[in-house]
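Let me begin by handing over the structure; questions about it come next.
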Amino acid sequence: ITKTSGADYDAVVIGAGFGGLYAVHKLRNEQGLNVRGYDSASDVGGTWWWNRYPGALSDTESYVYRYSFDKELLQKGRWKTRYLTQPEILEYMNEVADHLDLRRSYKFDTKVDGAHYNEKTGLWNVITDSGETVTAKYLVTGLGLLSATNVPKFKGIDDFKGRILHTGAWPDGVDLSNKRVGIIGTGSTGVQVITATAPVAKHLTVFQRSAQYVVPIGNTPQDDATIAEQKANYDSIWNQVKNSVVAFGFEESVKPAETASPEERERVFEAAWQRGGGFYFMFGTFCDIATSQVANDAAADFIKGKIKKIVKDPKVAEKLTPKDLYAKRPLCGNNYYEVYNRDNVTLADVKADPIAEFTPNGIRLESGEEHELDIVIFATGFDAVDGNYVKMDLRGRGGVTMRDTWKEGPLGYLGMMEVDFPNFFMILGPNGPFTNLPPSIETQVEWIADTICTVEEEGVRNVEPTVEARDAWVRTCREIADMTLFPKAESWIFGANIPGKKNAVMFYMAGIGNYRNAINAVKEEGYTSLIRNRTAEKV
Ligand code: FAD
Ligand code: NA7
């Protein structure tokens with residue numbers, strides 16, 4: 001790096017999840033930069049440091065929910081089941097941090113309140129809540145796309161005498177046994193925490209606003225022979241993953257359901273139901289479930305049929321049956337619908353009878369029905385993708401704020417850069433790939449590190465995308481999304497879960513293989529879409 005920049009650090013990295021940790025490794029260990037990392041958490045792990053709720057696990061298969069870049073780490077990997085639980089992932093991330101000696105570059109328990117680009121110095125001023133301000137030439141953000149918690153406001157919440165918890169900020173030492181527990185939310189997190197809580201709580205009341213399509217997770221034990229085979233075949237496994245669509249370690253189907261016979265559809269869906277896995281059910285069965293109404297209806301009808309068979313009380317089964325498309329993040333769970341056959345579980349349909357208020361003893365619905373509760377768990381999700389960016393006081397050229405830049409919805413070039421934010425790189429920023437995330441994170445961090453290396457070699461003072469390139473990328477993401485059914489379902493993928501948030505495309509939905517080709521082309525074409533200034537700017 002040009003040591004003439006005069007900055008305290010060559011790069012500041014925010015976040016110590018999969019993204020931030022790999023960025024610190026690439027920039028510090030491989031490129032020799034002087035790097036400072038921050039995280040508001042007390043240690044490494046990101047998502048897996050914060051989300052300690054009962055039942056928390058990844059639904060990406062264990063052998064591909066990890067970094068691929070380090071063969072030694074891959075061979076050391078330990079797992080017992082098809083999916084990794086939160087404690088196992090956290091342990092893995094600690095192991096990575098030790099193995100690569102990453103912790104010494106971090107300040108934990110430190111939130112970055114803001115970062116301002118100074119055009120005179122060409123540096124970022126990074127302001128933390130510990131009162132420290134540092135300067136850096138590059139700002140790399142791994143703030144997490146499912147990280148800023150969404151805590152809906154309810155009337156009377158301060159009067160509630162019990163305890164309120166959010167799954168995404170779960171404290172240690174919570175005991176749900178023998179308690180009257182309420183869970184608000186039935187997304188991916190809700191499904192996990194509901195199935196884990198029902199067997200231990202005295203009573204569980206689920207407050208469901210949207211009924212969901214949930215297939216079995218199939219978290220089977222993995223025998224040594226399977227694991228040894230996965231480890232022996234990592235080169236071909238990662239090659240497949242990085243050239244696939246959703247990067248989940250299975251071959252996506254190439255067969256359309258539209259033209260399959262009813263018998264074949266039934267056979268394929270039933271096999272997927274027995275196998276388990278939400279992304280597999282949506283993308284491994286047929287190739288058109290996310291794009292064709294006919295195929296989508298077929299998959300949805302199959303799941304609706306299962307609900308009817310599994311849930312004993314027809315009234316409860318009806319409440320659990322979704323009315324909309326099967327076009328949100330695909331969910332899977334451990335005997336999810338069976339939970340509602342338990343005597344200690346009540347389903348409150350809060351779309352039909354909304355939550356009116358919290359009372360000192362629990363939650364009262366608009367009908368007047370009151371549920372007495374000791375603990376209420378908010379499984380209400382996140383202000384996804386841009387949430388942590390607009391929460392920060394992030395200011396680029398001329399003091400322009402990210403909040404303003406994204407007021408009509410988040411933009412972003414290649415999911416990594418933004419106009420008027422020089423020397424600024426996002427990991428999993430808006431309009432990045434919608435996949436199993438570690439391989440996409442690696443792809444982005446490698447591209448960011450390559451870009452920094454190139455511009456440093458060229459003696460560039462600052463780099464940012466052109467408006468044309470950014471707008472074209474955003475347009476491409478919109479066009480691809482519009483080819484799918486996803487924009488027609490209301491979920492966090494398009495910002496629909498946050499009251500007042502503008503509906504916007506936030507992902508590149510053409511898959512990791514195409515994404516890798518697109519960003520590699522930018523590099524191979526000599527970064528013509530990036531403005532690279534070599535001289536001091538006129539201010
Ligand atoms: P994160 O892990 O979210 O890390 C971001 C970090 O940045 C956090 O530690 C946060 O404290 C820190 N931070 C943010 N803002 C600031 C600030 N201003 N100052 C200081 N620190 C800050 N993905 C999958 O691919 N498969 C799965 O099965 C899967 N399951 C999931 C289950 C749950 C419950 C959740 C919440 C997410 C899941 N995800 C899954 C998505 C998951 O977030 C990603 O896979 C991955 O962990 C993201 O890593 P990251 O480093 O980008 O962000
Ligand atoms: P999600 O998928 O956004 O789910 C949140 C749930 O909370 C969902 O069922 C919401 O209902 C419900 N919700 C949100 N606000 C309210 C209010 N005000 N009242 C009642 N119910 C509400 O978040 P998750 O954490 O489950 O999953 C997000 C991702 O993180 C997931 O992909 C995993 O990878 C981890 P709605 O559907 O909006 O009607």
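The values are calculated or read from the model by the stated rules, or taken from the named source; none is laboratory data. Every value quoted in this text rests on a predicted model; they were computed, and no experiment measured them. Every residue, glycine among them, receives a Cβ derived from its backbone with ideal geometry; neighbour counts consider all protein chains shown. In case anyone asks, the SASA skips ligands and DNA or RNA and just uses the protein heavy atoms, side chains included. Shrake-Rupley method; radii C 1.70, N 1.55, O 1.52, S 1.80 Å.
Has region 197-207 got any residue that is within 16 Å of ligand 1 (Cβ to nearest atom) and closer than 30 Å to residue 496 by Cα?
Going residue by residue through region 197-207, those that are within 16 Å of ligand 1 (Cβ to nearest atom) are 197.
Filter again for closer than 30 Å to residue 496 by Cα, leaving 197.
Yes, the conditions are met somewhere in region 197-207.
Residue 183 passes all but one of (1) within 30 Å of residue 324 (Cβ to Cβ); (2) open to solvent by 10 Å² or more (accessible area, probe 1.4 Å); (3) within 16 Å of ligand 1 (Cβ to nearest atom); which number fails?
Result: residue 183 passes all but (2).
Could you list all residues from region 279-295 that are part of a helix (DSSP H, G or I) and surrounded by fewer than 22 Cβ atoms within 10 Å (Cβ to Cβ)?
Taking region 279-295 as the starting set, the residues that turn out to be part of a helix (DSSP H, G or I) are 279-284, 293-295.
The answer is 284, 293, 294.
Tell me, which residue of region 193-217 that is open to solvent by 20 Å² or more (accessible area, probe 1.4 Å) and within 23 Å of residue 317 (Cβ to Cβ) is farthest from the chain's Cα centre (by Cα)? Walk me through it before giving the result.
Filtering region 193-217 for residues open to solvent by 20 Å² or more (accessible area, probe 1.4 Å) gives 195-196, 199-200, 202-203, 209-210, 212, 216.
Those left that are additionally within 23 Å of residue 317 (Cβ to Cβ): 195-196, 199, 203, 209-210, 212, 216.
Working: 195: 21, 196: 21, 199: 28, 203: 30, 209: 21, 210: 20, 212: 19, 216: 21 Å.
Selected residue: 203.
Also: What number goes with the only condition from (1) in contact with a strand residue (DSSP E or B) (Cβ under 7 Å, 6 or more places away or on another chain); (2) in contact (Cβ under 8 Å) with a residue 40 or more places away in the chain; (3) over 18 Å from residue 23 (Cβ atoms) that residue 133 does not pass?
Of everything listed in (1) in contact with a strand residue (DSSP E or B) (Cβ under 7 Å, 6 or more places away or on another chain); (2) in contact (Cβ under 8 Å) with a residue 40 or more places away in the chain; (3) over 18 Å from residue 23 (Cβ atoms), residue 133 misses just condition (2).
Taking the criterion of being more than 12 Å from ligand 1 (Cβ to nearest atom), more than 30 Å from residue 54 (Cα to Cα) and of a type outside the set (S, T, N, Q), would at least one residue in region 380-395 satisfy it?
yes
I want to confirm something. Restricting to region 136-151 and keeping residues that are out of contact with any helix residue (DSSP H, G or I) (no Cβ under 6 Å at 6 or more places or on another chain) and open to solvent by 40 Å² or more (accessible area, probe 1.4 Å), which single residue is farthest from ligand 2 (Cβ to nearest atom)?
Per the stated criteria, the residue is 151.
So that you can scan it fast, the table gives a plain yes or no per residue for (1) open to solvent by less than 20 Å² (accessible area, probe 1.4 Å); (2) more than 16 Å from ligand 2 (Cβ to nearest atom); (3) free of Cβ contacts under 8 Å to residues at least 60 places away in the same chain:
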{"position": "425", "(1), (2), (3)": "yes, yes, no"}
{"position": "455", "(1), (2), (3)": "yes, yes, no"}
{"position": "458", "(1), (2), (3)": "no, yes, no"}
{"position": "470", "(1), (2), (3)": "no, yes, yes"}
{"position": "494", "(1), (2), (3)": "yes, no, yes"}
{"position": "517", "(1), (2), (3)": "no, yes, yes"}
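For residue 130, all conditions in the list (1) open to solvent by 40 Å² or more (accessible area, probe 1.4 Å); (2) within 15 Å of ligand 1 (Cβ to nearest atom); (3) within 22 Å of residue 47 (Cα to Cα) hold save one; what is the number of the exception?
Going through (1) open to solvent by 40 Å² or more (accessible area, probe 1.4 Å); (2) within 15 Å of ligand 1 (Cβ to nearest atom); (3) within 22 Å of residue 47 (Cα to Cα) one by one, residue 130 breaks only (3).
On to the next question. Just checking, does region 526-536 include any residue being among the aromatic types (Phe, Trp, Tyr) and either in a helix (DSSP H, G or I) or free of Cβ contacts under 8 Å to residues at least 60 places away in the same chain (or both)?
Within region 526-536, the first condition is being among the aromatic types (Phe, Trp, Tyr), and the residues that meet it are 527.
Of the ones still in play, those that are also either in a helix (DSSP H, G or I) or free of Cβ contacts under 8 Å to residues at least 60 places away in the same chain (or both) are none.
Scanning region 526-536 turns up no residue that is among the aromatic types (Phe, Trp, Tyr) and either in a helix (DSSP H, G or I) or free of Cβ contacts under 8 Å to residues at least 60 places away in the same chain (or both).
Turning to a different aspect of this structure: Which number in (1) within 16 Å of ligand 1 (Cβ to nearest atom); (2) surrounded by fewer than 18 Cβ atoms within 10 Å (Cβ to Cβ); (3) over 25 Å from residue 499 (Cα atoms) marks the one condition that residue 120 misses?
(1)
Of everything in region 483-508, what is part of a helix (DSSP H, G or I), more than 16 Å from ligand 1 (Cβ to nearest atom) and closer than 20 Å to residue 300 by Cα? Give them in sequence order. Let's see the steps before the verdict.
Taking region 483-508 as the starting set, the residues that turn out to be part of a helix (DSSP H, G or I) are 486-488, 492-494.
Now narrow it down to the ones that are more than 16 Å from ligand 1 (Cβ to nearest atom): 486-488, 494.
Answer for region 483-508, where residues must be part of a helix (DSSP H, G or I), more than 16 Å from ligand 1 (Cβ to nearest atom) and closer than 20 Å to residue 300 by Cα: 486, 487, 488.
Check residue 32 against each of (1) more than 6 Å from ligand 1 (Cβ to nearest atom); (2) open to solvent by less than 30 Å² (accessible area, probe 1.4 Å); (3) out of contact with any helix residue (DSSP H, G or I) (no Cβ under 7 Å at 6 or more places or on another chain) and name the one condition it does not meet.
Result: residue 32 passes all but (2).
Could you list, in sequence order, all residues of region 152-167 that are open to solvent by 40 Å² or more (accessible area, probe 1.4 Å) and more than 10 Å from ligand 2 (Cβ to nearest atom)?
If the condition is that a residue be open to solvent by 40 Å² or more (accessible area, probe 1.4 Å) and more than 10 Å from ligand 2 (Cβ to nearest atom), then 155, 157, 158, 159, 161, 163, 164 are the ones that fit.
Report yes if some residue within region 320-342 is touching a Leu at 6+ places or on another chain (Cβ under 9 Å), open to solvent by less than 40 Å² (accessible area, probe 1.4 Å) and in a strand (DSSP E or B); otherwise report no.
no
Let me ask you something else. Which of the residues spanning region 43-79 are open to solvent by 30 Å² or more (accessible area, probe 1.4 Å) and either away from ligand 1 (no atom under 11 Å from the Cβ) or within 23 Å of residue 329 (Cβ to Cβ) (or both)? Reasoning before the result, please.
Filtering region 43-79 for residues open to solvent by 30 Å² or more (accessible area, probe 1.4 Å) gives 43, 47, 49-50, 52, 54-55, 69, 71-72, 75-76, 78.
Across region 43-79, the qualifying residues are 47, 49, 50, 52, 54, 55, 69, 71, 72, 75, 76, 78.
Oh, and also: Just checking: which of the strands (runs of 3 or more DSSP E) contained wholly in region 1-108 hold 1 or more residues that are at pLDDT 95 or above and closer than 24 Å to residue 131 by Cβ? Walk me through it before giving the result.
Values: elements: 9-14, 35-38, 57-61, 83-85.
Where strands (runs of 3 or more DSSP E) fall fully within region 1-108 and carry at least 1 residues being at pLDDT 95 or above and closer than 24 Å to residue 131 by Cβ, they are 9-14, 35-38.
Return the residues of region 360-400 that are closer than 21 Å to residue 162 by Cβ and in contact with a Ser or Thr (Cβ under 6 Å, 6 or more places away or on another chain); say none if nothing qualifies.
Listed by number, the residues that qualify are 371, 379.
Now for a separate question. For region 8-21, indicate whether the set of residues that are under 20 Å from residue 442 (Cβ atoms), open to solvent by 20 Å² or more (accessible area, probe 1.4 Å) and over 16 Å from the mean Cα position of the chain (by Cα) is non-empty.
From region 8-21, those under 20 Å from residue 442 (Cβ atoms) are 11, 13-21; that's our starting set.
Keeping just the survivors that are open to solvent by 20 Å² or more (accessible area, probe 1.4 Å) gives none.
There is no residue in region 8-21 that is under 20 Å from residue 442 (Cβ atoms), open to solvent by 20 Å² or more (accessible area, probe 1.4 Å) and over 16 Å from the mean Cα position of the chain (by Cα).
Separate question: I'm told residue 416 meets every condition in (1) over 18 Å from residue 528 (Cβ atoms); (2) open to solvent by less than 10 Å² (accessible area, probe 1.4 Å) except one. Can you identify the failing condition by its number?
Condition (1) is where residue 416 drops out.
Before we move on, is residue 147 assigned to a loop (DSSP other than H, G, I, E, B), within 14 Å of ligand 1 (Cβ to nearest atom) and more than 15 Å from residue 107 (Cα to Cα)? Working first, answer last.
On the way: assigned to a loop (DSSP other than H, G, I, E, B): yes; within 14 Å of ligand 1 (Cβ to nearest atom): yes; more than 15 Å from residue 107 (Cα to Cα): yes.
It is true that residue 147 is assigned to a loop (DSSP other than H, G, I, E, B), within 14 Å of ligand 1 (Cβ to nearest atom) and more than 15 Å from residue 107 (Cα to Cα).
Any residue that is away from ligand 1 (no atom under 16 Å from the Cβ), buried (at least 21 other Cβ atoms within 10 Å of the Cβ), closer than 30 Å to residue 489 by Cβ and of a type in the set (Phe, Trp, Tyr) - is there at least one of those in region 235-248?
no
Then there is this: So which residues in region 369-399 are assigned to a loop (DSSP other than H, G, I, E, B) and open to solvent by less than 40 Å² (accessible area, probe 1.4 Å), if there are any at all?
Taking region 369-399 and keeping what is assigned to a loop (DSSP other than H, G, I, E, B), we get 369, 373-374, 379-381, 383-386, 392, 396.
The answer is 373, 379, 380, 381, 383, 384, 385, 386, 392, 396.
What single numbered condition from (1) free of Cβ contacts under 8 Å to residues at least 24 places away in the same chain; (2) within 16 Å of ligand 2 (Cβ to nearest atom); (3) under 24 Å from residue 491 (Cα atoms) fails to hold for residue 369?
(3)
Residues that are under 22 Å from residue 335 (Cα atoms): find the helices (runs of 4 or more DSSP H) completely inside region 155-267 holding 2 or more of those. Please lay out each step first, then the result.
Values: elements: 188-197, 224-232, 234-242.
It comes to 188-197.
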